[in-house]
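Okay, so here's the structure we're looking at.
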Amino acid sequence: MGKKTGRNKIHRRIFKVSILMAALLLAACGKKEIAQDEPGLLLGFSQIGSESAWRIGNTTDIEEKAAEYGISLMFENANQKQENQIAAIRRFIAYKVDVIAFSPIVEDGWDNVLMEAKNAGIPVILVDRDISTEEEGLTACLIGADFYEEGKKAGEYLIKKADSLGLDEVNIVEIAGTDNSTPMRKRQEGFADAIAGDKRMHVLESIDGDFLKSRGAECMRILLEKYGDKIDVVYSHNDEMTLGALPEIEEAGFVPGKDIIIISIDGGQEAIDVLKSGKINCVVECTPKLGKEVMETALKLKNGERVEAVIHPEEQVFSDEQDLSGLAPRGY
Ligand code: AHR
């Protein structure tokens, strides 16, 4: 009897210590406290694929933030195929998730499946990219970068750079992202608008690089064969394509960052390291860290609260004009 009581005391103490440790662990992880009687939230998230360091960083952030907020995540990777995303959304509807979030690979072709989600009463968050539709109320909101601003910042950098180098003619080739995707369309538009008033600027060609490193290399080979030393600037819509293009430029006998001005978008660690080495001149930031906003918005939608129609994160420009030695690790 005495032994049992002693053992019980020890068990109770172990139990208390475990609770304390769990609480400390949760606090350390920054896990949000969910009220005991609050039912959990099930979020279906359809990701485009794994085409870039940006995309992988975005997936990691979504997964980490879901865990932090105590949200159950049904994650599906569409491997760059719209039909896979549509099928994933249909599965989320059949599974009766509380909220659907997805990053549409292209802008068109979502009406039918989103109407099904609407009819099922499931709110939809657009993450990263937008859709094009005539229908009202298919989605609750968009959480993602202002791609037009990113393109504009790239153009503004180029004008300053051309001024500082005293260039009187600037021939640009553009390696664009996936056709009919929001970042491709808006980054092109913002850049074109920024350089429109500058007579020195000529876009020789814009070519579809699909946001892929392999395509970036292929596009650069084609452009170098066609335009050779006429090329003054490469404006690439993401780091992956830039990193694919650089070895092609070197192989063709040019020095990237010196003979050819290189402008990229994303700001992943690898591109920042190459910028510091002088082979890239400017990287416009596009942050993949959208998870916090996604989770907070999903919780609001589940509770029937109002949400912002559009949320853009703050983003910066990194360039050869700055001292980047103190820049914190990018995390993607
Ligand atoms: O939609 C964001 C873009 O998609 C990023 O710039 C790119 O790297 C990613 O694949």
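The values are calculated or read from the model by the stated rules, or taken from the named source; none is laboratory data. Worth saying up front: this structure is predicted, and the values here are computed from it rather than measured. Positions of Cβ are backbone-derived with ideal geometry, glycine not excepted, and every protein chain shown enters the neighbour counts. Ligands, DNA and RNA are excluded from the accessible area calculation, which covers all protein heavy atoms including side chains. Shrake-Rupley method; radii C 1.70, N 1.55, O 1.52, S 1.80 Å.
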Show me 278-286, 254-262 ranked by packing, highest mean number of other Cβ atoms within 10 Å first. 278-286, 254-262
If the convex hull is drawn through the Cα atoms of the chain, its volume per residue in Å³: 169 Å³
Computed accessible area, residue 69, all protein chains, 1.4 angstrom probe, square angstrom: 10 Å²
Could you please put 160, 152 in sequence from largest to smallest accessible area, using a 1.4 Å probe? 160, 152
For the range 208-300, max minus min Cα coordinate along each principal axis, in Å, sorted largest first? 54, 26, 17
Any idea of the accessible area per residue across the chain, 1.4 Å probe, to the nearest Å²? 49 Å²
Once residue 251 and residue 312 are pulled to full extension, the length gained, defined as 0.36 nm per residue separation minus their Cα-Cα distance, is 18.1 nm
Restricting to Cα pairs under 8 Å and 6 or more apart, the percent relative contact order of the range 36-166 works out to 22 percent
Per-pair calculated FRET efficiency, R0 = 45 Å: residue 108 and residue 167 via Cβ, rounded to 0.05: 0.70
Counting C-alpha atoms alone, how compact is the range 41-169: give Rg to one decimal and Dmax as a whole number, in angstrom. 18.0, 61
Mean separation of Cα contacts under 8 Å (6+ apart) over length of the range 147-286, as relative contact order %: 25 percent
From the cross-link list 186/276; 153/186; 161/258; 160/199, which pairs have alpha carbons spaced over 18 Å apart? 186/276
Taking all protein chains together and a probe of 1.4 Å, list 126, 165 from the most accessible to the least accessible. 165, 126
In Å³ and rounded to a whole number, note down the convex hull volume per residue for the Cα atoms of the range 147-286. 89 Å³
Compute the length gained on full extension between residue 270 and residue 200: take 0.36 nm times their separation in residues and subtract their Cα-Cα distance, giving the result in nm to one decimal. 22.1 nm
Give, as ranges by residue number, the residues of the range 104-138 whose backbone N falls under 20 Å from the point 7 Å along Cα→Cβ of residue 208. 104-111, 129-133
Where the accessible area of the range 147-286 is counted over protein heavy atoms with a 1.4 Å probe, how much of it, in %, is carbon and sulfur? 47 percent
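Need the full-extension length gain, residue 94 to residue 50, defined as separation in residues times 0.36 nm minus the C-alpha distance. One decimal, nm.
Roughly 13.3 nm would be gained on extension.
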